[in-house]
Amino acid sequence: MLFDSMFSLQHSAPGTRLEGVTDDNPILLPLPLNCTALDFDNLLIYLYKGPSDHPKTIEFLISVLQLSTFFQLEDGVAYAVMEFERKGDKFDPALQFQLARMFRVDHWIEPGFRALMKLPDSSLDLPSLRQIGEVGCYHLIRTKDKIRKNRACLAFGTPKLRSSSDCNTPGTCNYHWSNEWWGVRTSHPSP
């Protein structure tokens with residue numbers, strides 16, 4: 001963990017000043033480039049306040065996930081992941097897919113992608129497409145296109161039904177149709 005050695009006492013050479021000894025020479029934390037003061041405040045709230053005082057906002061959870069991943073705070077990552085998962089269906093699939101890729105929450109990739117597959121194309125706005133990313137959009141479009149082609153093939157390419165001499169009731173016709181179309185062996189209906 002990054003903090004293990006950062007706050008230990010250090011000895012300096014004569015004439016040099018150590019970080020953290022005075023307010024004029026604070027300890028400088030390495031932070032991700034896109035980190036804001038609010039992100040760091042959110043991490044401190046997570047670290048120093050109990051869960052009942054933690055905001056349940058998406059912004060708070062993203063801050064905790066981002067900085068916990070960066071600083072290797074496993075409990076912070078686990079907390080943010082658990083809180084996002086508690087959102088259930090209210091967890092935006094584009095955000096889930098983005099966070100999964102950014103912060104290596106690998107078990108979110110498949111459910112996020114599946115949820116994106118269920119959305120109508122018209123519901124994917126520009127912010128969602130930015131979250132999914134170029135490669136994610138490519139795979140989403142290609143997968144949806146393959147499914148459309150397969151559905152069209154099935155809908156317009158019905159198998160030829162072999163005529164059967166015992167297709168004289170709706171039940172027996174349904175039985176033969178199911179066997180041909182779905183390849184499903186159902187119990188033969190009684191006449």
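None of the figures in this text is laboratory data; all of them are computed from the coordinates on show. Keep in mind that what you see is a predicted model, and the values were worked out from it rather than measured. Neighbour counts run over all protein chains shown; Cβ positions are idealised from the backbone, glycine included.
Couple of notes before you dig in:
- Placing R0 at 41 angstrom, the Cβ-Cβ distance between Leu126 and Asp166 gives a FRET efficiency of 0.10 after rounding to 0.05.
- Efficiency of FRET from Cβ geometry, Tyr48 and Asp24, R₀ 30 Å, rounded to 0.05: 0.75
- For the stretch 16-173, the tally of Lys pairs with Cα-Cα distances below 28 Å comes to 16, considering only residues 8 or more apart or on different chains.
- Nearest-0.05 FRET efficiency for His107 and Thr36, computed from C-beta distance (R0 35 Å): 0.80
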